[in-house]
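Visitor: Pasting a structure below so you can have a look.
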Amino acid sequence: MRIVLGVGGGIAAYKVASLLRLFTEAGHDVTVIPTEAATRFVGVATWEALSGNPVSNSVFDDVHQVNHVRLGHEADLIVVAPATADLIARAATGQANDLLTNTLLMARGPVLFAPAMHTEMWQHAATRANVETLRGRGIAVLDPASGRLTGADSGPGRLPEPEAIFDAAMALSQGRSDYQLPLAGRTVTISAGGTREPLDPVRFLGNRSSGKQGVALAVAARNAGASVRLLAAHMEVPPPAGVEVVTVETALQLREAALAAAADSDVVIMAAAVADFRPAEISDTKIKKRDDTADPVITLVRNPDILQELVELRDVSDRSQLIVGFAAETGDGRGDVLAYAEAKLRRKGCDLLVVNHVGTDKVFGQDTNSVVILARSGSEPQLASGTKSEVSGAVISRVGFELNHVSPRA
């Protein structure tokens, strides 16, 4: 596929180099057209090296090829990232004062804008009107992500991660209606991995969680346009790029991090395997075998129920927030996995509960998973299975649906 990648003059231009690499590694032929201002952030040599094509922003270069007409006509897809307030305004008013705006006027295929600018610029009435004008002409304009901006400011206006823009571009090029990122502008907190409760300086109580499912959820949420915060307990896999990582070890540390993160989160997904109990006392020295052969007695105390506490805090503060729990269940003589999960959903009060049937060779550490998604709203249970990435995609899609179609506390 022939892609024109327009680069606007914003600090987020450096992230577009990663987007260009995603396009080229997928086998697409990419011509980069940076604005003059964009070359103040990332030089022409970088774009040429990564694309393998010559780069210009002037209508007077290679005039014999009539580039200001040819590039727009030949492009199967045009992606503009970052689309600054100025560039959006020029496109909306039909200006043609450089090679990129000329190419946009000549476009015959789909066009995708990925905005990035300061929050006040994005929310300004002029920008909103320009965005609606472009959308009214059939141009796809993503909502920006929410997160840290230039300097100390934070809010909506952050460029979506390159992987998210890539996914949206591919969906748009295929004529799919899901090119709009379902979690754009949302902040999502996800816990992952397994907590460890120390017994002494050497030993701890832990579990078999590898963190693979939580990391896959973070990737899916990031690719859906969200600003993602990952609360990482012990994990056997590295955290993904493009997310904020908060490292924790114990259930109490996770509780503290989760309560703090929930304050500015639209969605909280508690996928970590949290220890139900911890030792009542932690020995300052290694617990040793005694010559009298007496067995040590370890007293356990209950850890706080973080998921239930998040729900209670959300409800008391009347915060609009979607809370998703994970349940690792096994059946027994008194009930099957689903029966225990439904009881847990009622007890916890979360909006969605993702249920795993666990065992020695199931779920933990594996690359595949099979889950049932239960909803507090009472809708039919949803099955999802496959790789943990595929399961995460189903969970995040359901989260997007709940946010956009269902009241979280229906």
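What follows is calculated from the coordinates using simple rules that are stated; it is not laboratory data. For clarity, every value in this text was computed on a predicted model and none was experimentally measured. Cβ coordinates were reconstructed from backbone atoms using ideal geometry, including for glycine residues, and neighbour counts include every protein chain displayed.
Visitor: Treating the angle as unsigned and between 0 and 90°, give the value, to the nearest 10°, between the Cα long axis of helix 388-405 and the longest Cα principal axis of the chain.
Guide: The answer is roughly 80 degrees.
Visitor: Would you mind checking 212/344; 286/344; 348/388 for any pair whose Cα atoms are more than 27 angstrom apart?
Guide: The pairs that break the limit, which is 27 Å between Cα atoms, are 286/344.
Visitor: If you don't mind, another one. What list of ³J(HN,Hα) couplings, whole Hz, do you get for segment 249-255 from phi and the Karplus terms 6.51, -1.76, 1.60, once you set θ to phi - 60° and write x for glycine and proline?
Guide: Coupling constants for segment 249-255: 10, 9, 5, 5, 5, 5, 4 Hz.
Visitor: Ok, one more. Within 10 Å of each candidate Cβ there may be at most 14 other Cβ atoms; applying that plus a DSSP loop requirement, which GluC sites (Glu not before Pro) in segment 20-62 survive?
Guide: Loop-located and lightly packed - 36.
Visitor: Let me ask something additional. By the scheme Lys and Arg +1, Asp and Glu -1, what is the net charge of all other residues having a beta-carbon under 12 Å from that of residue 211?
Guide: Neighbourhood net charge equals +2.
Visitor: Based only on other Cβ atoms within 10 Å, what is the fewest-to-most ordering of 24, 285?
Guide: Values: 24 17, 285 8.
So the residues, fewest neighbours to most, are 285, 24.
Visitor: GNM on the chain, C-alpha springs below 10 Å: top fluctuator among 93, 187, 133?
Guide: Of 93, 187, 133, the most mobile in the Gaussian network model is 93.
Visitor: While we're here: With the Cα gyration tensor of the chain in hand, give its eigenvalues times 5 under a square root as the equivalent ellipsoid semi-axes, listed largest first in whole angstrom.
Guide: Square roots of five times the eigenvalues give 48, 22, 19 Å.
Visitor: Cα atoms only, segment 111-219: Rg and Dmax in Å?
Guide: In order Rg, Dmax, the Cα atoms of segment 111-219 give 19.5, 65 Å.
Visitor: I've got another one for you. Can you tell me what share of the DSSP beta bridges in segment 187-405 is antiparallel? A percent to the nearest 5 is fine.
Guide: Around 45 percent of the beta bridges assigned by DSSP in segment 187-405 are antiparallel ones.
Visitor: Right, next: Okay, helix-only estimate at 222 nm for the chain: each DSSP H run of n ≥ 4 adds -39500 (n - 2.57), divide by all residues, round to 500 deg cm²/dmol; what do you get?
Guide: So the calculated ellipticity at 222 nm is -10500 deg cm²/dmol.
Visitor: Starting from the Kirkwood Rh over alpha-carbon pairs, what translational D in µm² s⁻¹ does segment 193-264 have by Stokes-Einstein at 4 °C and 1.567 mPa s?
Guide: This corresponds to a translational diffusion coefficient of 101 µm²/s.
Visitor: Out of the chymotrypsin sites (Phe, Trp or Tyr not before Pro) in segment 14-109, which ones are loop residues according to DSSP with at most 16 other C-beta atoms within 10 Å?
Guide: Values: sites: 14, 23, 41, 47, 60; in loops: 41, 60.
Filter output for segment 14-109: 60.
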